[in-house]
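Contents: one structure, followed by commentary.
The values are calculated or read from the model by the stated rules, or taken from the named source; none is laboratory data. Since we're looking at a predicted model, the values are computed, not measured. For the accessible areas, the whole protein counts, side chains as well, though only heavy atoms, and no ligand, DNA or RNA atoms are used. Shrake-Rupley method; radii C 1.70, N 1.55, O 1.52, S 1.80 Å.
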Amino acid sequence: MPTSLESLIARAIDLGLKSSLATPKAAALLASKTQSPEAEAIIQTSNQLTADYKASLKELENAAPQQYASLRTQVVDQVRKAMKKQPGMRKWRCKVCDFIYDERIGIPRRHIPPTTSFQELPEEWECPECDVGKDHFVLDQG
Ligand SMILES: [Zn+2]
């Protein structure tokens, strides 16, 4: 399999996973008619990820029209498998202001994409509400 095809598949799996994770939260916000910049950013990110996922599948189809049906099945299976592993996504709470960092959601309005683990945040990252460092966060059990 040519490398470019492999990277297209990897990209589709990645986008599929991210959009699958972002969609339920966005749907819940839409259903509850929550109106805030935060909610808007989450919904927008979810829509964008879904569009990117569809586009990546289209690219795959264009790159390998003969194999597309089986490649698509492969992508969907991998996304499903990856979703099962996601209970690993956690929430972290700021001890100072109770801000919750949810790894599934990230902070779209601050350009932190969904599924960014707390460990992946840069060391100099600060709480978006009260500006304290990462060492002021604890795992949120609730
Ligand atoms: Zn804080």
Using just the C-alpha positions of the chain as equal point scatterers, what log10 of I(q)/I(0) does the Debye formula give at each q in 0.16, 0.18, 0.19 1/Å? -0.89, -1.04, -1.11
For the range 13-125, which whole-number percentage of the solvent-accessible area (1.4 Å probe, protein heavy atoms only) is attributable to carbon and sulfur atoms? 52
Counting only complete DSSP H runs, which helices of the chain cover 18 Å or more along their long axis at the Cα atoms and score a mean Kyte-Doolittle of 0.0 or above? 3-31
Accessible area per residue, Å², the chain with all protein chains present, probe 1.4 Å: 61
Could you compute how fast the range 11-57 diffuses translationally, taking Rh as the Kirkwood radius over C-alpha pairs and applying Stokes-Einstein at 25 °C with viscosity 0.890 mPa s? Give it in µm² per second. 231
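So what is the calculated 222 nm ellipticity per residue for the chain, using -39500 (n - 2.57) for each DSSP H run with n of 4 or more, over all residues, to the nearest 500 deg cm²/dmol?
-18000 deg cm²/dmol, from helical runs alone.
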